[in-house]
Structure formats: C-alpha cells, structure tokens
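Enquirer: First the structure, then my questions, so here it is.
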C-alpha cells in the first residue's frame, strides 16, 4: 500500500539550508521493525512516523527513528512533523497549539502567525562532566578554548548531549573533531553526542554559533541543525531570549530562536517541504 510521505527541511525557510526530515504521515499498522527499516532506507538523521494519539490531550503521536535506533524525543523531528501535519490539514484541538505525544510524554508546539513553530524544551537532568575527562575533551575538539566559567555539562532530556561552551563562535567553527576521541568521550559520558557553542560578537549573524557532533555506525557525523542540542544548551543559559546559527561548517544556514516563558526555553524555527508524495510500504 501507499502512505503519505513528506521530506521537510527544518530550521530554515530556504530549501536545502536546514536539516532534512522524512515524515510518514499515516504509519498505523507498521511494526517497529518496518519503521526501523524505512528509517534506515531514507538514510536521514531521523524519520518520523505519525500515529493516532493514546493520550486524549494529544493531537497526534509520533515515533522517531534514526538509522540505528528509536529516540524518545528529538527537536528537529518535532518541528518538522508538526509542519508536515499542519500542511496536510491537521486542525489542532486548541487553536495555535499542537500537542505531540512521544516517548518523553506530551510536548507542546506553538504555532506563530508567520508560520514559525516552537516547542517547549522537555525537562532535563544536568550533570557536570567529570574534570578528569578534560584532556579527552581537548583531544576530541582539537582545541583548548573552553570557556572557564562554563564547565561542560551532560544534559539529558530523552536524548543526551554533552554541552560544551567555547570562548567564541570563531573557536567553535575552528574545531576539527577527532573521531576516535569523540567515540570514547560519548561512551564515558553516556551521551548521544557533543554540542559545542560559542558567542558571536555584537552585531554578528546570531548570538551563538552551534555545532553538534556524534558517531553513527562508527562514522563521525556533524548534524546540520539540531533542536535537541539547542534545547540542552538553552537549559544552561540565563533565561534571556537569543538566536543561534548552526550548519555553517557544512554549508548550511540553520536558524534557531530561543525564547523563555516561565523559565522554560522554547526552541523555534521555520520549516519548508521539499518532497511531497507517497511511499510504498506494507
């Protein structure tokens, strides 16, 4: 049978400048094994599968798969799935708000009048990285330009990032990661990857530059634009609105807005559909 399928570029309004996401809009009846096979075939960082909600408060339920495993939550899949569903005609139960059901529970997505979307960052567990790992971190990044007043922190919100602040955005962009050291650092911090960030000077293209580094099937990967990594970083910063740029090192131009309400960060951006059609699947 055929199922509705979209490929969406997230955290951009310009096609091919953000982070792509595959969305299967009617996934009911697919087994976990079939979902994993489809996600492996799309070969994107994540593929989402939309299902009827089990919680009456939710507008929809989503399962999120990488090419290797299922995630209970991820950021750019949350915004990309919401965009795809709204474009396909989903009417929210509450105007201006979507409620997504996923592995971490219910996630609220606000719908702005200009088409932008923002999700409330899930609650997070914070654990300062053991200082004995600093030499390994320096080797991983090929840099010692770590901001002394901001120790690296493991931030876990269903997906887990080691968030590392560098002195400047330029230091962030200068990082050339060491894959073997990154693999060891991820294991020793029990993290899904390392999110590095550094401030731009006043008047720069954004307030912060962000990069997200991890390994997949033993291969070093840099994610173009990462909602969960930005959400983890936002949990560490003062509750003041700011903007972030990500993907520069890959020739992308992802743009993330972070706003705070009642102390919680909301991670926002735009999305654009680049492929709209059907997928042949059982």
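Derivation of every value follows stated rules applied to the coordinates shown; laboratory data play no part. Note that this is a predicted model, so its numbers are computed, not measured. Please note: Cβ atoms are built from the backbone with ideal geometry, for glycine as well, and neighbour counts cover all protein chains shown.
Enquirer: Please work out whether region 125-262 counts as rounded, prolate or oblate from its C-alpha gyration tensor, where a ≥ b ≥ c are the square roots of the eigenvalues and a/c under 1.5 means rounded, while otherwise a/b larger than b/c means prolate and anything else oblate? Don't skip to the end; give the middle numbers.
Expert: Numbers: a/c = 1.44, a/b = 1.28, b/c = 1.12.
It is rounded, given that a/c, with a ≥ b ≥ c, falls under 1.5.
Enquirer: Then there's this: Just for the Cα atoms in region 24-111, what are the lengths along the principal axes, largest first, rounded to whole Å?
Expert: Sorted largest first, the three principal extents are 35, 23, 21 Å.
Enquirer: What's the ranking of 136-142, 190-196 by average number of surrounding C-beta atoms within 10 Å, highest first? Kindly include the intermediate steps, with their values, before the conclusion.
Expert: Details: 136-142: 19.3, 190-196: 22.3.
Listed from highest to lowest mean packing, they are 190-196, 136-142.
Enquirer: Starting from the 7 Å offset along Cα-to-Cβ, what nm value, one decimal, do you get for the label separation of residue 55 and residue 176?
Expert: Inter-label distance under the simple model: 4.6 nm.
Enquirer: Give the shape of region 183-282 as rounded, prolate or oblate, defined through the alpha-carbon gyration tensor: a ≥ b ≥ c are the square roots of its eigenvalues, a/c under 1.5 means rounded, and otherwise the shape is prolate if a/b is larger than b/c and oblate if not. Numbers along the way, then the final one.
Expert: Numbers: a/c = 1.63, a/b = 1.20, b/c = 1.36.
Because a/c hits 1.5 or more and a/b fails to exceed b/c, region 183-282 counts as oblate.
Enquirer: Another one. What is the packing order of peptides 231-238, 144-151, taking the mean over residues of other C-beta atoms within 10 Å and listing the highest first? Mind dumping the intermediate values first?
Expert: Values: 231-238: 21.2, 144-151: 13.5.
Ranking, from highest mean packing down: 231-238, 144-151.
Enquirer: Right, another one. Tell me, how many Å apart are the Cα centres for region 40-114 and for region 216-267?
Expert: The distance from the Cα centre of region 40-114 to that of region 216-267 comes to 18 Å.
Enquirer: If the chain between residue 220 and residue 68 were fully stretched, how many nm would it gain, using 0.36 nm times the residue separation less the Cα-Cα distance? Don't skip to the end; give the middle numbers.
Expert: Working: separation 152, 0.36 × 152 = 54.72 nm, distance 1.43 nm.
Result: 53.3 nm gained on full extension.
Enquirer: Region 118-174 to region 180-204: how many Å between their Cα centroids?
Expert: Spelled out, the Cα-based centre of one part sits 5 Å from the other.
Enquirer: Ok, one more. What do you get for the angle between helix 75-87 and the principal long axis of the chain? Use alpha-carbon atoms, 0 to 90 degrees, nearest ten.
Expert: The angle comes out at about 30 degrees.
Enquirer: Sort 152-158, 256-262 for me by packing, meaning the mean count of neighbouring Cβ atoms within 10 Å per residue, highest on top.
Expert: Values: 152-158: 20.7, 256-262: 17.9.
Going from most to least packed, we get 152-158, 256-262.
Enquirer: Let me ask another. For the chain, what does the relative contact order come out to in percent, with C-alpha contacts under 8 Å and a separation of six or more? Provide the component values of the computation, followed by the final result.
Expert: Details: 682 pairs, mean separation 64.0, N = 282.
Normalised by residue count, the contact order of the chain is 23 percent.
Enquirer: What distance in nm lies between label points placed 7 Å from Cα along the C-beta direction at residue 126 and residue 187?
Expert: Here the modelled spin labels are 3.0 nm apart.
Enquirer: What does the C-alpha gyration tensor say about the overall shape of region 44-176? Classify as rounded when a/c is under 1.5, otherwise prolate if a/b is larger than b/c, or oblate. List each step's numbers first, then the result.
Expert: Values: a/c = 2.49, a/b = 2.19, b/c = 1.14.
Note, shape of region 44-176 comes out prolate.
Enquirer: Give me D for the chain in µm² s⁻¹, whole number, from Stokes-Einstein with Rh from the Kirkwood sum over alpha-carbon pairs, 4 °C and 1.567 mPa s.
Expert: Numbers: Rh = 18.9 Å.
Calculated translational D: 69 µm²/s.
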